[in-house]
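> Encoded as structure tokens, here's the structure I'll be asking about.
The values are calculated or read from the model by the stated rules, or taken from the named source; none is laboratory data. What you are looking at is a predicted structure, and each value in this text was computed from that prediction instead of being measured. Positions of Cβ are backbone-derived with ideal geometry, glycine not excepted, and every protein chain shown enters the neighbour counts.
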């Protein structure tokens, strides 16, 4: 039986009949499926936001305290260039770990359902390789600044400390078994953004580490842990679904909020030591104007936006505490 001929449809006639040309559905990827959302490319503002400026005071505070502690060491070889190099190491390492976290969590899919600010990798706004490259660039900046410190001080064993710090920063969420996924993130933060950053700053300028530096390192480390903890409290449910077992996931929401409050307030107990020996150290208590509201929000706030405000207040607390205490020790 003969089959009827199929009628050929002229697209131009079809468009004329409709009255307007047909539009092609855009896809979020070349050759992608019709109707897929268009992914906006990352702007300069997005890249700056991905560096997480709210966390940078956590890098400044230990350097300020460590520098103040170095200033009072009798016969110490203090120099402003060494102080700036310490600051460059701390800030570059902080930015590097932020981009590395963006990359690693993004490629794993951990950030797929996050409720906080969108990340470059997970949102598709930037290619994973580009985000990783930026992270490695900042790690390299930290390494170069650290190498300059080693050359000036001739303390070559510090190269090993720097290498461990960079590796720890990357493997926080990177690698096959990131330790940040097993509730150990706060340990890294306390050690490297507290004790190591503060004591290291003092050592490269004074040749020793005094009690002012060690106690200041504990205080700075606790505030840095508080920043990480409040961030994880916000993302607790999403992290649990993604298999990221942060400390907050392990101990629960209520215990995490109580722990955050303790982390915010204990540094002000440590401040009693400085008030005893340095007449202007009491001024660091003004940081409580930010710390107290942060603790109250953590205990009572339920919306993610509330916890973002608490994170901002942690940054303010850390910056004021570190700068004022460092100045009070030195002067």
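> For residues that are buried (at least 19 other Cβ atoms within 10 Å of the Cβ) and modelled with pLDDT of 90 or more, scanning just segment 237-248, find the one that is nearest to residue 296 (Cα to Cα).
248
> Another one. Can you find, within segment 258-307, the residue that is nearest to residue 215 (Cα to Cα) among those that are in contact with a helix residue (DSSP H, G or I) (Cβ under 9 Å, 6 or more places away or on another chain) and assigned to a loop (DSSP other than H, G, I, E, B)?
278
> Shifting gears a bit: Checking the structure you have, find out if any residue of segment 83-101 is in a helix (DSSP H, G or I), at pLDDT 95 or above, out of contact with any strand residue (DSSP E or B) (no Cβ under 8 Å at 6 or more places or on another chain) and more than 19 Å from residue 224 (Cα to Cα).
yes
> Can I ask one more? From the residues in segment 151-161 that are in a helix (DSSP H, G or I) and in contact (Cβ under 8 Å) with a residue 12 or more places away in the chain, which one is nearest to residue 191 (Cα to Cα)?
By that ranking, first place goes to 161.
> Considering only segment 218-227, I want to know if a residue exists there that is buried (at least 22 other Cβ atoms within 10 Å of the Cβ), closer than 14 Å to residue 101 by Cβ and at pLDDT 95 or above.
yes
> Condition (residue is within 30 Å of residue 188 (Cβ to Cβ), part of a loop (DSSP other than H, G, I, E, B), modelled with pLDDT of 90 or more and under 36 Å from the mean Cα position of the chain (by Cα)) applied to segment 27-49: is it met by at least one residue?
Looking for residues that are within 30 Å of residue 188 (Cβ to Cβ), part of a loop (DSSP other than H, G, I, E, B), modelled with pLDDT of 90 or more and under 36 Å from the mean Cα position of the chain (by Cα), one finds none in segment 27-49, hence no.
> Which numbered condition trips up residue 174, out of (1) buried (at least 24 other Cβ atoms within 10 Å of the Cβ); (2) part of a loop (DSSP other than H, G, I, E, B)?
(1)
> In segment 120-142, is there at least one residue being within 22 Å of residue 189 (Cα to Cα), in contact with a helix residue (DSSP H, G or I) (Cβ under 9 Å, 6 or more places away or on another chain), in contact (Cβ under 8 Å) with a residue 60 or more places away in the chain and not in a helix (DSSP H, G or I)?
Within segment 120-142, none of the residues are within 22 Å of residue 189 (Cα to Cα), in contact with a helix residue (DSSP H, G or I) (Cβ under 9 Å, 6 or more places away or on another chain), in contact (Cβ under 8 Å) with a residue 60 or more places away in the chain and not in a helix (DSSP H, G or I).
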